[in-house]
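Notes follow the structure.
Nothing in this text is a laboratory measurement; each read-out follows from the coordinates by a stated rule. The structure presented is a predicted model; accordingly, all values stated were derived computationally and were not measured. Here the Cβ is made from the backbone with ideal geometry for all residues, glycine too, and neighbour counts use every protein chain on show.
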Amino acid sequence: MGKSKLHPQASEFLKMAADWPPVNEMSVEEARRQSEANIPLINIPIKKTEDINIPGPPGEIPLRVYTPSQERGVPVIIYYHGGGWIFGSLDGYDHVCRSLANNTGFIVVSVGYRLAPENPFPAALLDSYETLKWVRENAGKFGWDPERIVVAGDSAGGNLAAVMALKARDEKGPRISYQVLLFPATDLSRQDTESYKLFAEGYLLTKEAMSYCRGLYAPDKASWAEPYLSPLLHKDHSLLPPALVVTAEFDVLRDEGEAYAERLTASGVPARRIRYSGMIHDFIILPQIKASADSLKEVAEIIKSEVAAR
């Protein structure tokens, strides 16, 4: 499939972002500062937020819990933020989690997992899984529904969410009701899909930036085909939780995200697919693109409907 036409809002955003230095040409510290600066802070009212720390593999894992109402027994969304496994934060994704909590009525637990290169693979995976286990074990204490847990994330966080579903199944871990994979990276072993060829540069997330992030997260090239790094390459996708897989037309990760949805479907797992035409990678988290708010609300409505039916 060739290129169609960029959404006007995406086009305007790319013009504005044209002067931003490429991630792969900055230090990690600079990339993190730019990441935070590029996403405007939006204070979306919500009933309650609370920052807590839970025990992790080497130390504590910071979480932010979003509570939209006093209702008890509601499902929980565990949200893994994007940022190429090297940047992204609880603060940078605050507006996303507030929106998801308000529009679903669910609790949202945002995970401040360890970042590379200081903490390469599997640090983020371990923190993510510890959080999943903690939510399952402690949900009842907080009045949450331990039987309706959703794993969700965007980009690198979408990768982690997919891996959580696989790992929980493989290890007979916590039951996951639903997985929400937004623009996920599912195959770190290759960069030769059609979408990589079409959108390698000029559409926010570049091929070089993905190579850079991949190299910092997983320095050992031999590990790139491991199923908990590249969930598309897992040998078995059966008996996984139903999924929502969201992609953007002008995104290098488009094809591997859609291939993952197809693999789930072929394995008997209900997988709903949405491709946003004319849009760029992870636009749903960018307030500068006004359509992002409606798209995030659409995702929330699907989550609410799907989880309520289970």
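Restricting attention to region 94-109, does a residue exist that is under 24 Å from Pro58 (Cβ atoms), touching a residue at least 12 places away in the same chain (Cβ under 8 Å) and in a strand (DSSP E or B)? Quick ask: steps written out before the conclusion?
If we filter region 94-109 for residues that are under 24 Å from Pro58 (Cβ atoms), which is where we start, we get 109.
Those still in the list that are touching a residue at least 12 places away in the same chain (Cβ under 8 Å) too: 109.
Adding the requirement that they be in a strand (DSSP E or B) leaves 109.
The answer is yes, given that some residue of region 94-109 is under 24 Å from Pro58 (Cβ atoms), touching a residue at least 12 places away in the same chain (Cβ under 8 Å) and in a strand (DSSP E or B).
Within region 12-47, if we keep just the residues that are assigned to a helix (DSSP H, G or I) and of a type in the set (S, T, N, Q), the residue that is farthest from Tyr93 (Cα to Cα) turns out to be Asn24.
If the condition is being closer than 12 Å to Pro75 by Cβ, among the hydrophobic types (A, V, I, L, M, F, W, C) and touching a Gly at 6+ places or on another chain (Cβ under 8 Å), then region 105-151 contributes only Trp144. When you check Gly112 against the structure, is it within 16 Å of the chain's Cα centre (by Cα) and within 12 Å of Asp154 (Cβ to Cβ), yes or no? Answer is no for this residue. With respect to Glu71, determine if the residue is assigned to a loop (DSSP other than H, G, I, E, B) and surrounded by fewer than 22 Cβ atoms within 10 Å (Cβ to Cβ). Yes, satisfied. For region 5-15, the criterion of being exposed (fewer than 12 other Cβ atoms within 10 Å of the Cβ) and touching a strand residue (DSSP E or B) at 6+ places or on another chain (Cβ under 9 Å) is met by at least one residue. For region 176-198, how many residues meet the condition of being free of Cβ contacts under 8 Å to residues at least 60 places away in the same chain and buried (at least 24 other Cβ atoms within 10 Å of the Cβ)? Total meeting the criteria: 1. Once region 86-109 is narrowed to residues that are under 19 Å from Ala31 (Cβ atoms) and aromatic (Phe, Trp, Tyr), the residue that is nearest to the chain's Cα centre (by Cα) is Tyr93. Looking only at residues of region 262-301 that are aliphatic (A, V, I, L, M), part of a helix (DSSP H, G or I) and without any contact (Cβ under 8 Å) to a residue 60 or more places away in the chain, we find that the one that is farthest from Ile77 (Cα to Cα) is Ala266.
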